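This report refers to the structure that appears directly beneath it.
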Amino acid sequence: MKKMNTFDLDDEYLSLLGQNDPKTNGSSTLSQANEEDISDSQQGVILESISSEPYDLSYTCLLLPRFPSHQIKGDLAGYLTQWLQQVCISYGWRLEFITTHPDYLQWGMWVNASTTSATFTQIIRSETSKLILSNFGRIAQENLSDDFWAPGHLVVLGIRPHPTQMIDQYIRMTRRRQGLHTL
């Protein structure tokens, strides 16, 4: 006979296995199952406890201003750093770093695994665009859309700043798609 390890399992999981016994008052263990109930094919199976804790994923992201003349510097760079921090705190995301460069905004963050990169990027684009356009009149006059950012975004898994070559290539590709850069 094989020795069985005892693991606490929740009622829902045990009911899926067909081993939930109402006499145990919701506290069932694998050792409570009769050995006769476990077929030969199941005797070699070892069950591990499943964590119900959510986990986070890290991303490094990059956005470009819609117009190359709208550079991220001075007051805009300072406010953008504060606004990005506010957005991340508001949505429960953990901001690791922010880089404001005249040509782009780059940041690293942790989000719950259920939050897609498209979701958090769209929220950040939208919220920061509203704040930029309402606080910087010159930019709002020159940009007829309600989005300060150029179409698209660069998102890579992990907290590591993008290599300079990747950023330069992304800027060239984006500007070319906008019709602002020729090969």
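Please identify the pairs in which a residue from the stretch 111-135 that is assigned by TED's automatic domain parsing to the domain that holds LEU76 has its Cβ atom under 8 Å from the Cβ atom of a residue that is among the acidic types (Asp, Glu) and assigned to a loop (DSSP other than H, G, I, E, B), counting only partners at least 6 apart or on another chain.
Between residues of the stretch 111-135 that are assigned by TED's automatic domain parsing to the domain that holds LEU76 and residues that are among the acidic types (Asp, Glu) and assigned to a loop (DSSP other than H, G, I, E, B), the close pairs are ARG125/ASP147; SER126/ASP147; SER129/ASP146; SER129/ASP147; LYS130/ASP146; LEU133/ASP146.
Any residue at all in the stretch 138-153 that is in a strand (DSSP E or B), buried (at least 16 other Cβ atoms within 10 Å of the Cβ) and modelled with pLDDT of 95 or more?
Our first condition is that a residue be in a strand (DSSP E or B); within the stretch 138-153, this holds for 149.
After this cut, where a residue has to be buried (at least 16 other Cβ atoms within 10 Å of the Cβ) as well, the list is 149.
Next cut, modelled with pLDDT of 95 or more only: 149.
Checking the stretch 138-153: at least one residue is in a strand (DSSP E or B), buried (at least 16 other Cβ atoms within 10 Å of the Cβ) and modelled with pLDDT of 95 or more.
Here is a yes/no grid of residues against (1) assigned by TED's automatic domain parsing to the domain that holds ALA150; (2) surrounded by 10 or more Cβ atoms within 10 Å (Cβ to Cβ); (3) at pLDDT below 95; (4) touching a strand residue (DSSP E or B) at 6+ places or on another chain (Cβ under 7 Å):
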site: SER15; (1), (2), (3), (4): no, yes, yes, no
site: SER31; (1), (2), (3), (4): no, yes, yes, no
site: THR60; (1), (2), (3), (4): yes, yes, no, yes
site: LEU64; (1), (2), (3), (4): yes, yes, no, yes
site: LEU76; (1), (2), (3), (4): yes, yes, no, no
site: TYR79; (1), (2), (3), (4): yes, yes, no, no
site: ILE98; (1), (2), (3), (4): yes, yes, no, yes
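The values are calculated or read from the model by the stated rules, or taken from the named source; none is laboratory data. Every value quoted in this text rests on a predicted model; they were computed, and no experiment measured them. Please note: Cβ atoms are built from the backbone with ideal geometry, for glycine as well, and neighbour counts cover all protein chains shown.
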